[in-house]
Amino acid sequence: MNKLKNLILFLFASFGMILVLSACSNQNSSSNNDNYSSRSTSTTRTKKDGASLIVYFSMSGTTEEAAKQIQKDTGAKIFRITAKRAYSNDYDGYAKRGDYERRHNVHPAIKNRIPDWEKYKTVYVGFPTWWQHPPMIIHTLFDDYSFKGKTIVPFTTSMSTPMSSSMPYIRRMASKDRARVLNGFRYTGNKTALANWIKGLKLTDNK
Ligand SMILES: Cc1cc2nc3c(=O)[nH]c(=O)nc-3n(C[C@H](O)[C@H](O)[C@H](O)COP(=O)(O)O)c2cc1C
């Protein structure tokens, strides 16, 4: 009788142990799933928000063309920044002022305010390359807005200077907010190359 009792106790204990072990292993796998699901939840949230923005500066329209093409490819919102004290329309005039601003580290004030800035998770930042740099108004953009928690996707247009020459400046500007900066793209008018670059970014908030 005692033997039978011991056997029953042993079976209960073993069953209990199995339950405990299986609960633990479920917890482990569910905590992995939690990571996964929180990731997928945030992905869903990002998608729902349509949370990407294209901010760009352009004087003669080439960067604007790139920005509009990115908008077509991504469905992102688009915003053109302009200077409070407008650049003159003639090339020599704005080139001279741009040169002065670069040499004297002037950050020209931006005239217009970007609405709903906080809601964007990804910000495409576009500019013409000026003397192998982003124009100084891009510095103002980083002065005026916090990029904390955002992903920055730079793009540029230029006669020949590669994107890589502006990247250190963008990374430095972004570092104040510890924002994530992706490798940028130089648009040369090739829309397929631009679309492929965007696809390659694998950003979840692109359409
Ligand atoms: C002030 C100024 C400086 C420039 N510096 C460069 C340069 O360093 N390298 C280059 O390849 N192109 C340079 N360019 C050419 C522009 O980057 C190019 O024309 C650009 O596509 C203009 O863009 P936007 O039409 O959006 O203003 C410069 C143009 C200007 C006006």
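The values are calculated or read from the model by the stated rules, or taken from the named source; none is laboratory data. Since this is a predicted model, take the numbers as computed values, not measurements. Note that each Cβ is placed from the backbone with ideal geometry, even for glycine, and that neighbours are counted across all protein chains shown. SASA here: full protein model, heavy atoms, side chains in, ligands and nucleic acids out. Shrake-Rupley method; radii C 1.70, N 1.55, O 1.52, S 1.80 Å.
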**Fill in**
When the stretch 59-78 is checked residue by residue, the ones that are open to solvent by 50 Å² or more (accessible area, probe 1.4 Å), away from the ligand (no atom under 13 Å from the Cβ) and either in a loop (DSSP other than H, G, I, E, B) or more than 21 Å from residue 118 (Cβ to Cβ) (or both) are 72, 75
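What do you reckon, is residue 110 at pLDDT 95 or above, among the aliphatic types (A, V, I, L, M), surrounded by 12 or more Cβ atoms within 10 Å (Cβ to Cβ) and within 17 Å of the chain's Cα centre (by Cα)? First the steps, then the outcome.
On the way: at pLDDT 95 or above: yes; among the aliphatic types (A, V, I, L, M): yes; surrounded by 12 or more Cβ atoms within 10 Å (Cβ to Cβ): yes; within 17 Å of the chain's Cα centre (by Cα): no.
The answer is no for residue 110.
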**Unmet criterion (only one of (1) within 16 Å of the ligand (Cβ to nearest atom); (2) in contact (Cβ under 8 Å) with a residue 40 or more places away in the chain; (3) farther than 19 Å from residue 84 by Cα) for residue 160** = (2)
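Assess whether residue 193 counts as being small (Gly, Ala, Ser) and in contact (Cβ under 8 Å) with a residue 24 or more places away in the chain.
No; evaluated as a whole, the condition is false for this residue.
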**Message:** Whether any residue in the stretch 79-100 is surrounded by fewer than 17 Cβ atoms within 10 Å (Cβ to Cβ), of a type in the set (Val, Ile, Thr) and within 19 Å of residue 157 (Cα to Cα) is what I want to check.
**Reply:** yes
**Prompt:** Looking at (1) within 16 Å of the ligand (Cβ to nearest atom); (2) under 25 Å from residue 74 (Cα atoms); (3) open to solvent by less than 60 Å² (accessible area, probe 1.4 Å), which is the one condition that is false for residue 122?
**Reply:** (1)
**Asked** Restricting the first residue to the stretch 63-83 and requiring it to be on the phi < 0 side of the Ramachandran plot and at pLDDT 95 or above, which pairs with a second residue that is surrounded by fewer than 17 Cβ atoms within 10 Å (Cβ to Cβ) and charged (D, E, K, R) meet a Cβ separation below 6 Å and a spacing of at least six or different chains?
**Response** 69/191; 82/111
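Would you be able to tell me the number of residues in the stretch 127-157 that are within 9 Å of the ligand (Cβ to nearest atom), outside any loop (DSSP other than H, G, I, E, B) and free of Cβ contacts under 8 Å to residues at least 40 places away in the same chain? Full working, then the answer.
Within the stretch 127-157, the subset within 9 Å of the ligand (Cβ to nearest atom) is 127-133, 135, 156-157.
If we keep only those that are outside any loop (DSSP other than H, G, I, E, B) too, we end up with 127-128, 130, 133, 156-157.
With free of Cβ contacts under 8 Å to residues at least 40 places away in the same chain added as a condition, the list becomes 130, 133.
The qualifying residues number 2.
Got a number for residues in the stretch 163-185 being touching a residue at least 40 places away in the same chain (Cβ under 8 Å) and closer than 15 Å to residue 62 by Cα?
Matching residues across the stretch 163-185 total 0.
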